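Asker: The structure follows.
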Amino acid sequence: MVSIHGGPTGQATPEMAARTSFFTSQGIGVLEVNYGGSTGFGRAWRDRLRGQWGIVDVEDTVAAVNGLVAAGLADPNRIAISGASSGGWTVLTALASTNVFACGTSYFGVTDLMRFVVDTHDFESHYIDGLVGPWPAAQDEYISRSPIRRTSDINVPVAVMQGDRDPIVPPSQAQEFVDTLQLAGVEYIYRLYKGESHGFVRAETIIDSLESEFGFYVDVFGIPRAHQHG
């Protein structure tokens, strides 16, 4: 499983993480990618993402996966990609623009850039001006890069996890996205968690989402295990 950090200018760090430990304890390897734009590697690396969100992050992630496959450390037919928030955007964009991944999981990921500009709170409403382009001058890019406009290009199963009180990526984005997946005939699972915001905090939600995600991989990868997603 390739894990994509949020931000999108966040950073994957080599520290103990319960989520990673959960998957590795089940026999699933985890790769975390600091793609161009990730903080902590200098201004030039950070600036690689300017105007290139949905392009550089995907290309760097695919390059990392190809490196693992070439080294014999990953099965090219059983690679998943997972991320939250902006990481969810990268997940969905990667599924729509590459054939590297067998499936993907998006946790409250951005699916529609135009809706994001309109619906999100003021603090982040102009955040993507530097990641894609200023609105409305870059309207064509907002449309062409949005995963919700590209569901016909997705041909692998997708898992979508969402909180119903998310002020940054409202649940309407997730609902409209899974509706378009259904219309496109793409296999998916959708979990909408009551009382959760942008980042799950309730123990029962965290447990259910992780078990649902793992069960999703069990089915897609054909892992011989009794736990299946519903």
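The values are calculated or read from the model by the stated rules, or taken from the named source; none is laboratory data. All of these numbers come straight from a predicted model, not from anything done at the bench. Methodologically, a virtual Cβ is constructed for each residue, glycine included, from the backbone with ideal geometry; neighbour enumeration extends over all protein chains shown. When the accessible area is computed, the model is the full protein with side chains, heavy atoms only, and any ligands, DNA or RNA have been set aside. Shrake-Rupley method; radii C 1.70, N 1.55, O 1.52, S 1.80 Å.
Asker: In the chain, with Lys and Arg counted as +1 and Asp and Glu as -1 at Cβ, which of these residues, HIS198, PHE41, LEU131, has the Cα nearest the positive end of the dipole, that is, farthest along it?
Answerer: PHE41
Asker: Further question on the same structure: Can you compute the equivalent ellipsoid semi-axes for the chain, i.e. the square root of 5 times each eigenvalue of the Cα gyration tensor, sorted largest first and rounded to whole Å?
Answerer: 25, 21, 17
Asker: If amide hydrogens are placed 1.01 Å from N in the peptide plane, which non-local residues have theirs closer than 5 Å to the one on VAL33?
Answerer: Counting only residues 5 or more places away or on other chains, the set is SER3, HIS5.
Asker: Provide the net charge surrounding ALA96, with neighbours chosen by a C-beta distance below 12 Å and charges set as Lys +1, Arg +1, Asp -1, Glu -1.
Answerer: My count for the surroundings of ALA96 gives +2.
Asker: I would also like to ask the following. Note the direction-averaged projected area, equal to a quarter of the hull surface, for the Cα convex hull of the range 1-53, in nm².
Answerer: For the range 1-53, averaging the hull's shadow over all directions gives 3.8 nm².
Asker: When a/c is below 1.5 the answer is rounded, else prolate if a/b is larger than b/c, else oblate, so apply that to the range 1-93 with a ≥ b ≥ c taken from the square roots of the Cα gyration tensor eigenvalues.
Answerer: Prolate, since a/c reaches 1.5 and a/b exceeds b/c.
Asker: How would you order 54-66, 84-96, 38-50 from highest to lowest mean count of nearby Cβ atoms within 10 Å?
Answerer: Descending packing order for the listed peptides: 84-96, 54-66, 38-50.
Asker: Around TRP45, what is the net charge, scoring Lys/Arg as +1 and Asp/Glu as -1 over all other residues with Cβ under 13 Å from its Cβ?
Answerer: +1
Asker: Give me, ordered by chain and number, the residues 5 or more places off LEU49 or on other chains with an amide H under 5 Å from its own placed amide H.
Answerer: GLY37
Asker: Next question. Report ³J(HN,Hα) in whole Hz for each residue of the range 164-176, in order, from the Karplus equation J = 6.51 cos²θ - 1.76 cosθ + 1.60 where θ = phi - 60°; Gly and Pro get x.
Answerer: Values per residue, Gly and Pro as x: 7, 10, 7, x, 8, 10, x, x, 4, 5, 5, 5, 5 Hz.
Asker: Now, a different point. To the nearest 20 Debye, how big is the dipole of the chain about its Cα centre, given +1 on the beta carbon of each Lys and Arg and -1 on that of each Asp and Glu?
Answerer: Rounded to the nearest 20 debye, it is 300 debye.
Asker: How much accessible surface does ARG78 have with a 1.4 Å probe, in Å² rounded to 10?
Answerer: Ignoring ligands and nucleic acids, ARG78 comes out at about 110 Å².
Asker: Using modelled backbone amide H atoms (1.01 Å from N, in-plane), which distant-in-sequence or interchain residues come within less than 5 Å of ILE189's amide H?
Answerer: When sequence neighbours closer than 5 places are left aside, the close amide H contacts are VAL158, ALA159, VAL160.
Asker: How much length, in nm to one decimal, is gained on full extension between GLU211 and GLU32, taken as 0.36 nm per residue of separation minus their Cα-Cα distance?
Answerer: So the extension gain works out to 62.5 nm.
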